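Just below is one structure, and these are the notes that go with it.
The values are calculated or read from the model by the stated rules, or taken from the named source; none is laboratory data. Since this is a predicted model, take the numbers as computed values, not measurements. Because the Cβ atoms are built from the backbone with ideal geometry, glycine has one as well, and the counts that use them run over all protein chains shown. Accessible surface is based on the protein model in full, side chains and every heavy atom, while ligands, DNA and RNA are left aside. Shrake-Rupley method; radii C 1.70, N 1.55, O 1.52, S 1.80 Å.
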Amino acid sequence: AQSVTQLDSQVPVFEEAPVELRCNYSSSVSVYLFWYVQYPNQGLQLLLKYLSGSTLVESINGFEAEFNKSQTSFHLRKPSVHISDTAEYFCAAMKTSYDKVIFGPGTSLSVIP
Amino acid sequence: DTGVSQNPRHKITKRGQNVTFRCDPISEHNRLYWYRQTLGQGPEFLTYFQNEAQLEKSRLLSDRFSAERPKGSFSTLEIQRTEQGDSAMYLCASSLGGTSGYNEQFFGPGTRLTVL
């Protein structure tokens, strides 16, 4: 069965420091990979996605993630975090374009002033 | 606001009562999904519809749960004889149909259920 692992449940980081949120997936077939963000008291928002092509994908607010097939990883990075990045981040995968989304357990990112 | 709406946003009920939630997807979307998110966890898939047909149900969806999408538009999720373990955020998502290419699932704000 397909699964998504996020090893870090909580990541505290100082403002303007870099951050990496780790994600690994298990699947024997091609997958689509995603990072979703959930700000306090708000709904899930798609942050970025990997469908095919370039293994490095970027969001509009400075996050990037790299698909690494050999390591079955899709880690999320940002070179300099802001207070407003404080949120819950979920790594997720889909087997096909019409399949359900399989979510990881989430990583709580806390940016410290 | 993604365009997917859910009502009510919050529901507090006593154990043993029945509850019903409603999801209104984006109007042209023919796929509709239900997920459940418990505290400190990622959302878990419950079921999904293609138009009015319920095509897949998770093993998480016990006999006390039933979902419908009678006209292929809005959907309802009913929980009968609620238990404290049913306390969670219930999320709805919708997407365009199609057998090829990627169609993003847009999530609603969720209905938070508290069973006392």
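Brief remarks on what is shown
- Number of residues in the stretch A:17-41 that are surrounded by 12 or more Cβ atoms within 10 Å (Cβ to Cβ) and in a loop (DSSP other than H, G, I, E, B) equals 6.
- Cβ pairs under 8 Å, 6+ apart, first in the stretch B:89-116 and at pLDDT below 85, second part of a strand (DSSP E or B): B:Gly97/B:Arg31; B:Gly97/B:Gln50; B:Tyr102/A:Tyr32; B:Tyr102/A:Lys49; B:Asn103/B:Arg31; B:Asn103/B:Ser95
- Residue in the stretch A:45-52 that is in contact (Cβ under 8 Å) with a residue 24 or more places away in the chain, more than 14 Å from chain B (Cβ to nearest Cβ), surrounded by 13 or more Cβ atoms within 10 Å (Cβ to Cβ) and within 14 Å of the chain's Cα centre (by Cα) present: no
- Among the residues of the stretch A:74-107, those identified as among the hydrophobic types (A, V, I, L, M, F, W, C) and part of a loop (DSSP other than H, G, I, E, B) are A:Val81, A:Val101.
- Among the residues making up the stretch A:42-73, a single one is over 21 Å from B:Gly42 (Cα atoms), polar (S, T, N, Q) and not in a loop (DSSP other than H, G, I, E, B): A:Asn68.
- Restricting the stretch B:72-116 to residues that are of a type in the set (Ser, Thr, Tyr), away from chain A (no Cβ under 14 Å) and surrounded by fewer than 22 Cβ atoms within 10 Å (Cβ to Cβ) leaves a set whose member that is nearest to B:Gln37 (Cα to Cα) is B:Ser87.
- Failed item, numbered, when A:Leu7 is tested on (1) open to solvent by 50 Å² or more (accessible area, probe 1.4 Å); (2) within 13 Å of chain B (Cβ to nearest Cβ): (2)
- The one condition in (1) within 14 Å of another protein chain (Cβ to nearest Cβ); (2) under 23 Å from A:Ser3 (Cβ atoms) that B:Gln50 fails to fulfil: (2)
- When the stretch B:36-71 is limited to residues that are polar (S, T, N, Q) and within 18 Å of B:Arg22 (Cα to Cα), the one that is surrounded by the fewest Cβ atoms within 10 Å (Cβ to Cβ) turns out to be B:Asn51.
- Members of the stretch A:1-16 found to be assigned to a strand (DSSP E or B) and within 12 Å of A:Thr107 (Cβ to Cβ), listed by number: A:Val4, A:Thr5, A:Gln10, A:Val11, A:Pro12, A:Val13
- Taken over the stretch A:75-100, residues that are surrounded by 22 or more Cβ atoms within 10 Å (Cβ to Cβ) and hydrophobic (A, V, I, L, M, F, W, C) amount to 6.
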